[in-house]
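Structure, as structure tokens:
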Amino acid sequence: MSALLALALQPVLPVAIPLTVGGLMLSVSKRLPRKVPDVVAILVALLCCGLCALLATRSAAAPIVSWFGGWTPRQGQPIGIAFVVTPAGGWFACFVCLLFAATLVFSWGFFEKTAAHFHVLMILFMAGMVGFCLTHDLFNLFVWFELMSVAAFALTGYALRDSALSGALNFTVVNTIGSYLILGGIGLVYSEVGALDFAGLAYGIAGVPHSPVVVASFVLLSSGLLIKGAQVPYQFWLADAHSVAPSPVSVIFSGAMVAIGLYGVAELYWTVFQAAPVVQHLMRSMLLGMGEASAIVGGVMALLQRHFKRLLAFSTVSHCGILLIGIALASRQGLAGTLLYMLGHGLVKGALFMVAGIMLAVLGGIDEIGLRGAGRRIWPAGIAMGFGGLLLAGLPVGVMDTGLERIGTAIHDAHARVALPAVMIGLVCTGAAVLRVTGRVFLGLGPVAGEEERSPTEQEREDANRPLWLMLVPTAALILLSLPIAHDADRLGWVAASQLMQPRTASILGLGLGSGPGSGLDAVPASALVAVPAWSPAPVSWLPWLATALALGLAALGLSWHRLPGTTIRLYERSVGPVVAGLSATQSGLVADYVTWITVGLALFGILSAFG
Amino acid sequence: MTGFLLPLLPLLPWAVAAWLFGVGLYAIVTSRHYVHLIGCLSVVQASTYVLLLAAGYRHGAPAPIFYSRPPTLAVDPVLQALVLTDIVIGATVTALLLALVLQLHKRRGTIDPERVRPMRR
């Protein structure tokens with residue numbers, strides 16, 4: 001029994017199993033009976049979910065370290081590649097696998113015409129994400145990142161429709177530039193420090209904390225990851241890709257792939273770069289600003305959409321902005337909140353994209369105006385959508401709220417003036433947008449606009465070859481999973497954040513903490529791992545209720561727009577109208593514009609690190 | 001005459017990498033043909049090759065081929081391995097992009113990035 005347990009605790013298994021199964025399944029895909037790929041893929045996802053949960057539980061006391069091929073560090077020098085499981089990485093990988101399992105159930109039979117290729121891509125996609133969460137080597141991180149990205153590119157264009165192809169091209173070009181930025185960052189930091197293992201890098205950087213090369217490397221690495229994390233001004237690809245990808249793929253994109261870029265930023269900051277003062281400054285200035293801008297821009301853009309998947313895509317930008325705010329505050333409180341909010345948001349947003357998939361399959365459309373009142377016969381999906389909208393708006397239940405409360409406390413402690421209004425705008429706008437669609441599609445509220453024909457995309461529909469209950473079960477499961485007992489989730493988030501922040505020079509490389517340049521790192525006392533501070537009611541505890549109420553009000557306003565007096569509408573069109581039009585114009589759909597915005601972001605990074 | 005430039009010589013590969021990156025991005029922004037654009041993406045990628053090889057270069061050191069006992073000095077083999085992986089990844093992405101462009105051409109008859117947008121607004 002203990003031998004079996006020791007085998008199950010090999011951190012390599014959750015990536016080795018999907019990679020092997022994916023390869024095998026591809027080689028025999030032509031001869032497999034139709035349902036076999038579905039069953040195999042779901043079982044693999046569940047198995048990996050269980051293995052990651054086991055690893056994450058066992059790593060609560062100390063990280064689980066595994067050096068490939070037995071190449072352990074010699075005299076404190078890392079010479080091999082390691083997988084290191086911390087509670088944060090382990091639970092995030094577990095969540096990724098769970099989301100894949102739910103998505104594969106949701107898409108049961110959806111892609112059966114295509115000889116298992118869809119399932120192979122999904123399994124490889126999952127392996128890439130799990131590897132990204134568990135690896136402890138910078139270049140290895142890049143390889144997993146690329147595996148995940150290439151699978152994502154292929155899945156986006158999978159439907160081979162016009163809009164899907166051009167969305168996939170935008171996505172691929174922008175994200176590939178991000179990958180090369182990461183690679184450039186790796187080259188720079190290696191040339192300065194001469195290591196690729198996170199602990200080796202942290203040790204080296206602590207010796208040259210003021211080196212401009214280290215700062216440049218952080219700028220490139222975090223820019224690449226923030227392109228994946230869809231933060232202003234790198235966010236444009238997201239709306240194009242998420243709205244044209246098949247719905248099951250969008251579930252993964254919004255639920256896990258975008259958040260994993262931000263997880264990468266948090267992990268690199270705490271395990272590698274935290275000793276560099278300029279990097280600390282960049283977190284508080286540039287990254288915080290990007291998070292605030294994303295929260296606001298994503299929220300406003302979400303309100304303007306009538307294509308429901310595109311609306312959800314912009315709400316992902318907004319909520320990822322909130323996640324980045326939590327990371328950029330660089331405090332344990334903020335990090336713990338962010339990790340929880342990542343899970344809660346992923347579950348809720350995944351469920352909402354599943355509702356979009358149900359609309360595409362059963363109602364044969366995704367346009368809010370065109371589907372007015374059409375959703376009554378699938379009312380359970382409407383309940384899921386409405387509840388999801390309330391959760392996005394900050395309704396104080398479940399994991400999302402626990403995370404948000406921690407982030408709110410961190411914002412309060414750090415005296416970040418702009419962050420709190422930015423978070424509020426993001427919550428209210430995204431919640432209102434989803435609630436407005438719920439009201440129109442499922443309750444038949446709002447006017448008959450006469451604009452039903454002007455749908456923003458070509459006619460869309462996804463195969464309705466599955467029973468409704470099969471699609472509703474995973475949707476409901478994801479929503480219910482986001483509502484566990486808040487206190488347990490809070491404790492878990494705190495432990496995960498503490499371990500992520502812990503310097504690993506001693507535990508990984510076997511170097512004494514008392515000597516060498518690494519000793520100046522902010523060492524976390526061991527007691528901090530156990531002592532979870534009491535949940536002090538945040539000074540902003542009534543804010544979630546206010547956000548929920550405002551979102552409901554804004555949704556009602558959106559639905560009764562035609563009843564407002566003409567002067568009010570004209571006032572709106574003269575004052576806010578041009579700003580909103582300018583904002584929408586930036587989302588041009590042209591890859592050239594998006595690449596230009598990347599250079600603008602890089603230039604801002606450069607200016608702030610040189611003069612800030 | 002060029003003696004005063006010699007100390008700047010070690011900076012040359014870094015400057016070349018930055019130049020390739022910038023010129024590649026500029027060409028992507030101004031491109032009107034997706035196949036051309038994919039070529040420009042390879043130029044951006046070439047900047048990472050130069051950067052990585054420059055980071056691993058040791059002046060006067062031989063190639064990292066060891067027979068029995070490692071010499072005291074060699075060019076860093078780790079970065080050469082990274083460049084190889086980089087090339088493989090670049091080939092994958094290029095192949096995927098070209099396949100997408102081919103499908104786009106079949107359906108739309110154009111591969112001008114300005115004329116294919118994912119969504120009408």
Fill in: Top-ranked residue in segment B:1-18 [being surrounded by 12 or more Cβ atoms within 10 Å (Cβ to Cβ) and without any contact (Cβ under 8 Å) to a residue 24 or more places away in the chain; ranked as nearest to B:Gly60 (Cα to Cα)]
B:Leu12
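Test of understanding: among A:Cys97, A:Cys133, which residue is closer than 20 Å to A:Leu55 by Cβ, touching a Cys at 6+ places or on another chain (Cβ under 7 Å) and either buried (at least 23 other Cβ atoms within 10 Å of the Cβ) or of a type outside the set (Asp, Glu) (or both)?
A:Cys97
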Response to the item:
Among (1) within 12 Å of chain A (Cβ to nearest Cβ); (2) in a helix (DSSP H, G or I); (3) not polar (S, T, N, Q), B:Leu9 falls short only on (1)
Discussion item. With the structure loaded, tell me whether B:Gln80 is surrounded by 13 or more Cβ atoms within 10 Å (Cβ to Cβ), assigned to a helix (DSSP H, G or I) and at the interface with chain A (Cβ under 9 Å from one of its Cβ atoms) or whether it fails that test.
Written reply: no
Discussion item. One residue is enough: does segment A:221-229 have a residue meeting the conditions over 16 Å from the mean Cα position of the chain (by Cα), in contact (Cβ under 8 Å) with a residue 40 or more places away in the chain and part of a helix (DSSP H, G or I)?
Written reply: yes
Worksheet, complete the sentence: A:Pro233 meets each of (1) of a type outside the set (Ser, Thr, Tyr); (2) within 11 Å of chain B (Cβ to nearest Cβ); (3) within 20 Å of the chain's Cα centre (by Cα); (4) open to solvent by 10 Å² or more (accessible area, probe 1.4 Å) with one exception, condition (2)
Fill in: Members of segment A:300-313 that are in a helix (DSSP H, G or I), closer than 20 Å to A:Val355 by Cα and either open to solvent by 10 Å² or more (accessible area, probe 1.4 Å) or in contact with a Ser or Thr (Cβ under 8 Å, 6 or more places away or on another chain) (or both)
A:Ala302, A:Leu303, A:Leu304, A:Lys309, A:Arg310, A:Leu312, A:Ala313
Worksheet item: Picking from A:Leu608, A:Leu564, A:Leu559, which residue would you name as being within 27 Å of A:Gly289 (Cα to Cα) and open to solvent by less than 60 Å² (accessible area, probe 1.4 Å)?
Response: A:Leu608
Discussion item. For segment A:565-609, give me each residue that is at the interface with chain B (Cβ under 8 Å from one of its Cβ atoms), under 20 Å from A:Val300 (Cβ atoms) and outside any helix (DSSP H, G or I).
Written reply: A:Gln587, A:Ser588, A:Gly589
Discussion item. Just to check your reading of the model, which residue among A:Ala239, A:Ala168 is in contact with a helix residue (DSSP H, G or I) (Cβ under 8 Å, 6 or more places away or on another chain), under 24 Å from A:Leu324 (Cα atoms) and open to solvent by less than 10 Å² (accessible area, probe 1.4 Å)?
Written reply: A:Ala239
Worksheet, complete the sentence: Quick count over segment B:17-63, residues being outside any helix (DSSP H, G or I) and either at the interface with chain A (Cβ under 10 Å from one of its Cβ atoms) or aromatic (Phe, Trp, Tyr) (or both), is 3
Fill in: First in segment A:362-389 and under 21 Å from A:Val473 (Cα atoms), second anywhere and open to solvent by less than 10 Å² (accessible area, probe 1.4 Å) and polar (S, T, N, Q), Cβ under 6 Å, 6 or more apart
A:Ala384/A:Thr475
Discussion item. Return the residues of segment A:9-18 that are open to solvent by 20 Å² or more (accessible area, probe 1.4 Å) and farther than 20 Å from A:Val105 by Cα; say none if nothing qualifies.
Written reply: A:Leu9, A:Gln10, A:Val12, A:Leu13, A:Ala16
Worksheet item: Taking A:Leu360, is it closer than 24 Å to A:Leu98 by Cβ and either open to solvent by 20 Å² or more (accessible area, probe 1.4 Å) or part of a loop (DSSP other than H, G, I, E, B) (or both)?
Response: no
Worksheet item: For B:Ala91, all conditions in the list (1) more than 9 Å from chain A (Cβ to nearest Cβ); (2) within 22 Å of A:Ser163 (Cβ to Cβ) hold save one; what is the number of the exception?
Response: (2)
Worksheet item: Among the listed residues A:Val215, A:Val244, A:Val219, A:Val173, which satisfies the condition of being closer than 23 Å to A:Glu267 by Cα, of a type in the set (Val, Ile, Thr) and within 14 Å of another protein chain (Cβ to nearest Cβ)?
Response: A:Val219
Practice prompt. Mind telling me which of the residues A:Leu420, A:Leu339 ends up being open to solvent by 10 Å² or more (accessible area, probe 1.4 Å) and over 25 Å from A:His242 (Cα atoms)?
Written response: A:Leu420
Worksheet item: Taking segment A:152-163 on its own, how many of its residues are in contact (Cβ under 8 Å) with a residue 24 or more places away in the chain, buried (at least 23 other Cβ atoms within 10 Å of the Cβ) and at the interface with chain B (Cβ under 10 Å from one of its Cβ atoms)?
Response: 1
Worksheet item: Restricting attention to segment A:29-48, does a residue exist that is buried (at least 23 other Cβ atoms within 10 Å of the Cβ), closer than 13 Å to A:Ala8 by Cα and modelled with pLDDT of 90 or more?
Response: yes
Discussion item. Being open to solvent by 50 Å² or more (accessible area, probe 1.4 Å) and facing chain A (nearest Cβ under 7 Å) is the filter here; which residues of segment B:94-114 pass it?
Written reply: B:Arg107, B:Arg108, B:Glu114
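Yes/no per residue for (1) within 21 Å of the chain's Cα centre (by Cα); (2) at pLDDT 95 or above; (3) closer than 20 Å to A:Phe171 by Cα:
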site	(1), (2), (3)
B:Gly3	no, no, no
B:Ser31	yes, no, yes
B:Leu53	yes, no, no
B:Gly60	no, no, no
B:Tyr67	no, no, no
B:Leu73	no, no, no
B:Gln80	yes, no, no
B:His105	no, no, yes
Discussion item. Looking only at segment A:49-87, filter to residues that are open to solvent by less than 10 Å² (accessible area, probe 1.4 Å) and not aliphatic (A, V, I, L, M); which one of those is farthest from A:Ile123 (Cα to Cα)?
Written reply: A:Ser59
Discussion item. Given the criterion modelled with pLDDT of 90 or more, out of contact with any strand residue (DSSP E or B) (no Cβ under 9 Å at 6 or more places or on another chain) and under 26 Å from B:Tyr34 (Cα atoms), identify the matching residue among A:Leu602, A:Leu550.
Written reply: A:Leu602
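The values are calculated or read from the model by the stated rules, or taken from the named source; none is laboratory data. Every value quoted in this text rests on a predicted model; they were computed, and no experiment measured them. Virtual Cβ from ideal backbone geometry, glycine too; neighbours counted across all protein chains shown. Accessible surface areas use protein heavy atoms only, side chains included; no ligands, DNA or RNA. Shrake-Rupley method; radii C 1.70, N 1.55, O 1.52, S 1.80 Å.
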